[in-house]
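Working notes, structure below.
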């Protein structure tokens, strides 16, 4: 069984709940964006005042793939490690 853009159940279960596929942004915009298709969510992301969310509007495609999730998750981890290192925590 597969769904949009070749995702199957196993991929969805593994990747859709990962940190790299999650966003936290303004409550009203988040409700309006819902759990729908990435291409449509980008319209709401464009209204955000949060830089990380605004960056998602620049994504070259209206699809968000496993590779996009991996890349975004690695970027977040790198930034967090750098932040905590600068704070003397790591």
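Which of the residues spanning the range 20-33 are outside any loop (DSSP other than H, G, I, E, B) and surrounded by fewer than 15 Cβ atoms within 10 Å (Cβ to Cβ)? Talk me through it step by step, then tell me what you get.
If we filter the range 20-33 for residues that are outside any loop (DSSP other than H, G, I, E, B), which is where we start, we get 20-21, 27-33.
27, 28, 31, 32 - these are the residues of the range 20-33 that are outside any loop (DSSP other than H, G, I, E, B) and surrounded by fewer than 15 Cβ atoms within 10 Å (Cβ to Cβ).
For the range 34-72, the set of residues classified as more than 13 Å from the chain's Cα centre (by Cα) and not in a loop (DSSP other than H, G, I, E, B) consists of 40, 43, 44, listed by residue number.
Taken together, the values in this text are just the output of simple stated rules run on the coordinates, not laboratory data. Just so it is clear, the structure is predicted and the values come from calculations on it, not from any experiment. Glycine gets a Cβ as well: all are built from the backbone with ideal geometry, and neighbour counts include every protein chain shown.
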